[in-house]
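Participant: Attaching a single structure in structure tokens format; questions to follow.
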């Protein structure tokens, strides 16, 4: 019997050797195709690893600058963009959305607050059917549809994950405050100043660096058998996301602030370490402690109406929930994951950010077995 070996590239502090070994084990077993992992502590990178391949045929290596669609990790970048405006006094999470975006008040939505959008409790978790994936690409037209429709449940009473429309809602507010789209605002105010290779709206010049996604196994249940007017079905099927669409220029170049951000673990950890490091990087204070405190103001705790799993949401991030995210520790910790398994965790108690991105997707919208294994290895290192 032959033994497959796998090596990784990049840097890794000695105390995180177990994390490197875990990545190499997953690559060698074939569970992982290509991936990157990064850990930042006190604003400084201590792990920056990558390995495997960009393509299922294993002809193209995953490189230092390989990008991948990280799905809902994009939401943490969108939330951070909104929090930057909060910190500048231009956005108030307790003001009505309609104060900034008057059209949004239509059909009984006049009392919905910014925090309800950022915490997935707005009542507007998706589009009234019908909606197709390409309809997402015209961000302003898609947002106008959201502004016109009624809420699907009492705003603020529960969460229903804003799976595909989170970015459209936040983009509409940012446009009216900053006069720029979300993608441009993020590029100019966060990615650019931080030197982070993360994009919400990825230019054609970067296309050759993007690793295509390998879809997970098909769902074992038939959505058609469910109540088509339920919040779950309307949120997840209008439109129904087709992973194959992520390989098209239309998807990659659109600014879909919920799901089409492209980056790698290094760039995810770089931007998100702002939160874990008290809002300060490279000698510049991007966020105050007061703004960071908002993240931990719980907005909901219970069975999410769209995903039907227990979730806790603060403002802009998930909060620890041991049933759904068992390896995310309790404490002053915020996190989120992307469809297929990518994840970012900001641990403010340890001033640490962990990020993992990959191209071979696992089943499920929240977390993955591989992400859990990497988190266990990471916390084994920091807990000693």
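Participant: Can you tell me which of 115, 60, 280 moves the most in a GNM of the chain? Springs connect C-alpha atoms under 10 Å apart.
Facilitator: 60
Participant: Turning to a different aspect of this structure: Can you give me the angle between helix 139-148 and the longest principal axis of the chain, using Cα atoms only, in degrees from 0 to 90, rounded to the nearest 10?
Facilitator: Tilt of helix 139-148: around 40 degrees.
Participant: Then there's this: Could you tell me the distance between the Cα centroids of the range 301-319 and the range 241-259, to the nearest Å?
Facilitator: The range 301-319 and the range 241-259 have Cα centres separated by 24 Å.
Participant: Please give, to one decimal in nm, the separation of the simple spin-label points placed at residue 61 and residue 222, each 7 Å out from Cα toward the Cβ.
Facilitator: Once both label points are built, they end up 4.8 nm from each other.
Participant: Please work out the C-alpha center-to-center distance from the range 127-170 to the range 42-92 and express it in whole Å.
Facilitator: 24
Participant: Relative to a virtual label point 7 Å from the Cα of residue 94 in the Cα→beta-carbon direction, which members of the range 296-316 show backbone nitrogen distances below 14 Å?
Facilitator: Under cut-off, by backbone N: 297-298.
Participant: Could you tell me whether the range 293-367 comes out rounded, prolate or oblate from its Cα gyration tensor? Rule is a ≥ b ≥ c as square roots of the eigenvalues, rounded for a/c under 1.5, then prolate if a/b exceeds b/c, otherwise oblate.
Facilitator: Cα axes put the range 293-367 in the oblate bin.
Participant: Hey, can you rank 172-183, 222-233, 321-332 by average C-beta count inside 10 Å, highest first?
Facilitator: 172-183, 321-332, 222-233
Participant: Give me the angle, in degrees from 0 to 90, between the Cα long axis of helix 369-383 and the longest principal axis of the Cα atoms of the chain, rounded to the nearest 10.
Facilitator: Tilt of helix 369-383: around 70 degrees.
Participant: Which of the three applies to the range 227-268, rounded, prolate or oblate, going by the alpha-carbon gyration tensor with a ≥ b ≥ c and a/c under 1.5 meaning rounded?
Facilitator: Here the range 227-268 falls in the prolate category.
Participant: What shape does the range 288-335 have by the C-alpha gyration tensor, where a ≥ b ≥ c are the square roots of the eigenvalues, rounded means a/c under 1.5, and otherwise prolate means a/b greater than b/c and oblate the rest?
Facilitator: Verdict is oblate for the range 288-335.
Participant: For a footprinting-style exposure proxy, rank 267, 238, 11 by other Cβ within 10 Å, fewest first.
Facilitator: Numbers: 267 26, 238 18, 11 12.
In increasing order of surrounding Cβ atoms, one gets 11, 238, 267.
Participant: Contour minus end-to-end for residue 297 and residue 28, with contour as 0.36 nm per residue of separation and end-to-end as the Cα-Cα distance?
Facilitator: That works out to 92.7 nm of additional length.
Participant: For the range 320-338 and the range 354-382, write down the distance between their C-alpha centroids in whole Å.
Facilitator: 12
Readers should treat all values here as calculations from the given coordinates under stated rules, not as data from a laboratory. Model, not experiment: these values are computed from the prediction. Cβ coordinates were reconstructed from backbone atoms using ideal geometry, including for glycine residues, and neighbour counts include every protein chain displayed.
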